[in-house]
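Worksheet for the structure shown next.
The values are calculated or read from the model by the stated rules, or taken from the named source; none is laboratory data. As the structure is a computational prediction, the values presented were derived from the model and not from experiment. Backbone-built Cβ (ideal geometry, glycine too); neighbour counts: all protein chains shown.
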Amino acid sequence: MTAIKPRAKRTGLYLGLGFLMVVYLVPMYMTLITAFKDPADINLLTAWVPPLRLHWRSFTEAFTLLGPKFLNSVILTVTATAASTVLGSLNGYVFSKNKFRGSEIVFTLFLLGMFIPYQIILIPLFQVLRSVGLYGSLFGLITAHVVYGIPIVTLIFRNFYDQIPESMLESARIDGARYFGIYRRIIFPLSIPGFVVAGIWQFTQIWNEFLWGITLTREEAKPITVGLAQLAGGQAVSWNIPMAGSLITALPVLILFVFLGKFFIRGLLAGSVKE
Amino acid sequence: MRAQHGLGRRADTIKSILVILPSLILIGIFVYGFIGNTIYVSLTDWGRGAGLAERPVKNFVGLENYVQLFTGFIHARFRQDLVNAIFYTLFVLAGTLGLGLLLAMLLDRAVRADALFKTVFLYPMALSFIVSGTIWRWLLAPSGGINLLPTVFGAEKWEFLWISSRDTVLSFNWQRFPQIVLIVLSVIFTALLLRTALARKSVHSRKRILRFAALALAGWLLVLLFGAIREKVLPYPEPHGFNLATLGIIIAAVWQYSGYTMAMFLAGLQGLPAGIRESARIDGAGEIKYYWHIAIPNLRSITFSAVIMLSHISLKMFDLIFAMAGADNANTGHPSVNMYLTTFRANNFAVGAGIAVIMFMLAALLIIPYLIHSYRERAGL
C-alpha cells in the first residue's frame, strides 16, 4: 500500500504541472499558428487549427512596418542599459562598501524612484524635455530611461557587492590600493554577473516600455512597443500581422530570457528579496 | 597611523559623495522636484486652457481640480476609473498570489525538469504588456479564441464579452462614497482591535489596543455622524461598480505575473532549512499541514514585498489596457489611462496632474511604510 500511494501522488503532481504548463503555453501557441497561417485561412472558427504549411509572409510584412522602430528600440535599449549599469555599479560600490553617515538615508531616498507611478513625473518631464529641445527625440527617451533606472540598478549592484567579503578589500588596502584602485582591481572584475543581472533587467524594462514611448517621442523616434500598438490597433486588422509583429517585438527579450533565465530570475528577486 | 586612517576615511567619504553626486542631482530633480512640480500644477488652472504652451501663466486655484474630479459632472469617468483601479488591484493581487503560491508549492517537491516548468511559467514576464495585450485581445475575441474552446468538447460556444461587456456588478452609489470609505476603515480597525486583543499578550499590545480602539471608535462615530446629516457629494445618484469588461484584462495580467510570484515564493520555500520539513514529517504533519502551519507563515515578508511590487505593476496597467481595449473604452478605464487622455489628448494638464497626484498618493500608502521598514532593517534600528 505504501509503495503505490507515493507513486500515484507523484503522477498526480506531474499531471497537474503538465496541465498548467499547457495553459501557460496556449497564448504562445495561438500566436505562432496565427502568424504562420496563410492570411486567407484566418477565420475565427478555425482559430485553433494549426496551419498545414508555414507561411513567412506575415513576418516580412510586419517587419517592413516595424523595422525602423525596431532599430530605434535597439539604439535606445543598448545605450540606456549601458549608461545606467555603469552608474549603478559606481553607486552600488558607494552604498555597499563605502557607507558614510547618512548614506542609508540617501539610498532609501533613491529607492522611492523605482516605486512611483510614472504619471506623477510625466508632465514636468514632458515640459522639461520640450524646453531643452529633447522632446520627440530618441535622446530624450534615453535620458528618461537612464535617470529612472538609477534606483533599481543601484539596488541590484548594492545587493551584489554586499556578498563580496570585506576581507578581500582589506588585503587590497594593505597592498596599497586606494578608493578607485579597489574598485578597478577588486570590485569591477568581480562585477560581471552583476552587470549581466542589471543589464538584463534594464534591457527588458526599456525594451518593453510603452508610456514614455507614446508620450515623449515623435513618429520618427518611436520605439517598437508603440509600433506594435499602432499595428494592432484599429478594428479592421487581419490578425496574422499583429501576431507576427508580437513575435518580432518579443523575440529579443525572449532570447535573453531563454538563454540567461537564471540571471533574469535573480534580477526579478533583487528588487524585493534580500540576497 | 590612526590619524592618517581617519584622514583617509574622510577623503573616502568625499570621494563617495562625488561618485553618487550625479545620480543624487538627477534623482533630486527628476523624482523629487518633478513630484513637487506635479503637485503644484495640480493646484493651478494651467493658464486656463493654455494647453501646449511651453510656459503657461498658471493661476493658483487650490483644490478645485480635485473637487472637480471627485464631484464634477464631466469627471464621472474618472470615478469609475478609480473604482476599476481598486478592483484591478484586488483581483490581480489575489490571482497572482494564489496561483503563484500553488505553482511554487508544486515545484517545491523536488520535481524533475523543474527548470523547464519554471521557464514556461515565467516566460510571460519577459514580454511587454503591449505584446501580451495584443495576443490576449486575439484570444478573447468575442466569437473566437477562448470562447470557442467548449466546441472542442462538443459543447455550445461561450458568448462572454471578455473585454467589451457592458455589465456591472457590485454597484454602489457614489453619493455614499465617504460613508462607504468610513465603514470600510472602521471595519478594518475593529478587526485589528479584535486581533490584537485576542492575541497573546506582549509588551506593546496594550498601547496598540488603545490605539486601534480609538481609531475604530472615531470611525464608527463618524459613520453615525455622516449617516445623520446625510451629506451628499453629488446632487444625483451615480452608480459605479465592478465592470465585467475588466475580467479579460485581469486574466491577462494574472497570466503574465503569476510566474513572478511563483519565483518569489519558491525562493522563500527553498530558503527554509531542510530540517524543518523533516522534523514536521516525523511529528506526523502531512504536506498540507506543513505548508499551512509552517511554510506559509514563514513567507510573510516575501508576500509583503510581492504585494508592493504587484501593486506598483497594477498601477502600470496602462500599457495592458491600451493594448487590449484601447484608451477610449470607458468600461475598462484606469486612472493612468484617464491621465493620458486628459493630459495628452485634451491638453488639460492641470486636471491630468491632479489624477497623477491621486495615483501617487494611493501608491505612497504602501510604498512609504515599506521604504521606512526597509531602511530600519538595513540600518539595524
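Check off (1) crowded, with 19+ Cβ neighbours inside 10 Å; (2) touching a Leu at 6+ places or on another chain (Cβ under 9 Å) for residue B:332 and give me the number that stays unchecked.
(2)
Check B:100, B:95 and return the single one that is more than 7 Å from chain A (Cβ to nearest Cβ), crowded, with 21+ Cβ neighbours inside 10 Å and of a type in the set (Gly, Ala, Ser).
B:100
Out of everything in region A:254-275 that is outside any helix (DSSP H, G or I) and either surrounded by fewer than 16 Cβ atoms within 10 Å (Cβ to Cβ) or among the charged types (D, E, K, R) (or both), what residue ends up being modelled with the highest pLDDT? Working first, answer last.
Keep residues of region A:254-275 that are outside any helix (DSSP H, G or I), which gives A:260, A:271-275.
Adding the requirement that they be either surrounded by fewer than 16 Cβ atoms within 10 Å (Cβ to Cβ) or among the charged types (D, E, K, R) (or both) leaves A:274-275.
Numbers: A:274: 47, A:275: 35.
For region A:254-275, the residue satisfying everything is A:274.
Scan region A:146-169 and give yes if some residue there is in contact with a helix residue (DSSP H, G or I) (Cβ under 7 Å, 6 or more places away or on another chain), surrounded by fewer than 23 Cβ atoms within 10 Å (Cβ to Cβ), among the acidic types (Asp, Glu) and not in a helix (DSSP H, G or I), otherwise no.
yes
Hey, can you tell me all the residues within region A:205-233 that are free of Cβ contacts under 8 Å to residues at least 24 places away in the same chain and more than 9 Å from every other protein chain (Cβ to nearest Cβ)?
Residues of region A:205-233 free of Cβ contacts under 8 Å to residues at least 24 places away in the same chain: A:210, A:214, A:219, A:229-230, A:232-233.
Scanning region A:205-233 gives A:219, A:230.
Of all residues in region A:26-35, which are closer than 15 Å to residue B:140 by Cα and either among the hydroxyl-bearing types (Ser, Thr, Tyr) or surrounded by fewer than 19 Cβ atoms within 10 Å (Cβ to Cβ) (or both)?
First, the residues of region A:26-35 that are closer than 15 Å to residue B:140 by Cα: A:26-31, A:34.
Within region A:26-35, A:26, A:28, A:29, A:31, A:34 qualify.
Okay, residues lined up against (1) touching a strand residue (DSSP E or B) at 6+ places or on another chain (Cβ under 9 Å); (2) more than 10 Å from chain B (Cβ to nearest Cβ); (3) farther than 30 Å from residue A:222 by Cβ; (4) not β-branched (Val, Ile, Thr):
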position: A:80; (1), (2), (3), (4): no, yes, no, yes
position: A:100; (1), (2), (3), (4): no, no, yes, yes
position: A:109; (1), (2), (3), (4): no, no, yes, yes
position: A:112; (1), (2), (3), (4): no, no, no, yes
position: A:120; (1), (2), (3), (4): no, no, no, no
position: A:127; (1), (2), (3), (4): no, no, no, yes
position: A:137; (1), (2), (3), (4): yes, yes, no, yes
position: A:145; (1), (2), (3), (4): no, yes, no, yes
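Counting just the residues of region B:250-279 that are away from chain A (no Cβ under 14 Å) and touching a residue at least 12 places away in the same chain (Cβ under 8 Å), which one comes out nearest to residue B:168 (Cα to Cα)?
The extreme case among them is B:250.
Which ranges mark the helices (runs of 4 or more DSSP H) fully within region A:175-242 that have 2 or more residues being buried (at least 18 other Cβ atoms within 10 Å of the Cβ) and out of contact with any Asp or Glu (no Cβ under 8 Å at 6 or more places or on another chain)? Quick ask: steps written out before the conclusion?
On the way: elements: A:179-182, A:192-208, A:211-216, A:224-232.
Hits in region A:175-242: A:192-208, A:211-216, A:224-232.
Can you tell me which residues in region A:142-164 are aliphatic (A, V, I, L, M), out of contact with any Gly (no Cβ under 7 Å at 6 or more places or on another chain) and modelled with pLDDT of 90 or more? Full working, then the answer.
Let us first name the residues in region A:142-164 that are aliphatic (A, V, I, L, M), namely A:142, A:144, A:146-147, A:150, A:152-153, A:155-156, A:164.
Keeping just the survivors that are out of contact with any Gly (no Cβ under 7 Å at 6 or more places or on another chain) gives A:142, A:144, A:146-147, A:164.
Those that are aliphatic (A, V, I, L, M), out of contact with any Gly (no Cβ under 7 Å at 6 or more places or on another chain) and modelled with pLDDT of 90 or more: A:142, A:144, A:146, A:147.
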